[in-house]
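Chemist: Input: one structure, supplied below.
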Amino acid sequence: MNTPSVARAAIVLPLRKRRKVVRPASRRKLVLALLLALGAGIGINFATRPRLSGNASLPPLENNAALEGWSDSAGRAALRERRLERIATGCATASRQRREAVLDSFPAWRDDVLRLIACRRIRPGFTSDQLRAAWGEPERIIPDLNSQRPMEQWDYGTRSVLIWDNVIKSWQ
């Protein structure tokens, strides 16, 4: 009878692994460490943000949205000069005065649109406002009353533009 109890004593069961319990104090330390890292990142980002004045190596900005909260007038002037240069790259025939007038009148439009308008060119997809900015007021506007969609033909003497839903579709 002794034999079975000896056999039982010889069986060694593996110990169960204990779960690691995260104590509230270590949670606080973790949260504090994350907040410090976040604060350091924001501080470094703020301290090293680019100033637009006097730094020609910055990538071009498309509009004034990046400068909304800045009071850096030299930065705004530098941004305006960069936009004028980008408008001039595709259109050497437009005078500087024309490019400045177009940029000042429509600052929210993209530079590629302003470039075409400064050169008095149009493309499919332009709105009627962009067409007016490029070519001016038409001599006459002929509405198509038979069409189910709003359609107009704008005549500019020898040229005419077909507009559907306030967007240029084609011209001759």
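The numbers here are math on the coordinates, done by the rules we state, and not lab data. Here the structure is a predicted model, which is why all the values come from computation and not from measurement. All Cβ positions, glycine included, derive from the backbone under ideal geometry; neighbour counts span all protein chains shown.
Chemist: With an 8 Å Cα cut-off and a minimum separation of 6 or more residues, compute the relative contact order for segment 76-172 in percent.
Modeler: Values: 129 pairs, mean separation 17.9, N = 97.
Relative CO of segment 76-172 lands at 19 percent.
Chemist: Separate question: Short version: ³J(HN,Hα) in whole Hz for each residue of segment 83-90, in order, from phi by Karplus 6.51 cos²θ - 1.76 cosθ + 1.60 (θ = phi - 60°), x for Gly and Pro, what are they?
Modeler: Each residue's phi maps through the Karplus curve to give 5, 4, 5, 5, 5, 6, 4, x Hz.
Chemist: Then there is this: At R0 = 25 Å, how high is the FRET efficiency between Arg98 and Gln172 if r is their beta carbon distance? Nearest 0.05 is fine.
Modeler: Between Arg98 and Gln172 the formula returns 0.50.
Chemist: Loop only per DSSP, at most 16 neighbouring Cβ atoms within 10 Å: give me the trypsin sites (Lys or Arg not before Pro) in segment 68-139, ordered by residue number. Write out the running numbers ahead of the final one.
Modeler: Details: sites: Arg76, Arg80, Arg82, Arg83, Arg86, Arg96, Arg98, Arg99, Arg110, Arg115, Arg120, Arg121, Arg132; in loops: Arg110, Arg120, Arg121.
Counting only loop positions with at most 16 other Cβ atoms within 10 Å, the trypsin sites (Lys or Arg not before Pro) in segment 68-139 are Arg110, Arg120, Arg121.
Chemist: Follow-up. Go through segment 28-38 residue by residue and turn each phi into a ³J(HN,Hα) via Karplus (6.51, -1.76, 1.60, θ = phi - 60°); whole Hz please, and just put x for glycine and proline.
Modeler: 4, 5, 5, 4, 4, 5, 5, 5, 5, 5, 5
Chemist: Also: Suppose R0 equals 22 Å. What FRET efficiency, 1/(1 + (r/R0)^6) with r the Cβ-Cβ distance, do Thr127 and Gln148 give to the nearest 0.05?
Modeler: 0.60
Chemist: With viscosity set to 0.692 mPa s and temperature to 37 °C, compute the Stokes-Einstein D of segment 70-172, Rh being the Kirkwood radius across alpha carbon pairs; µm²/s, no decimals.
Modeler: 220
Chemist: Around Leu162, under 12 Å between beta carbons, what's the net of Lys plus Arg minus Asp minus Glu among the other residues?
Modeler: Combined, the nearby Lys, Arg, Asp and Glu give -1.
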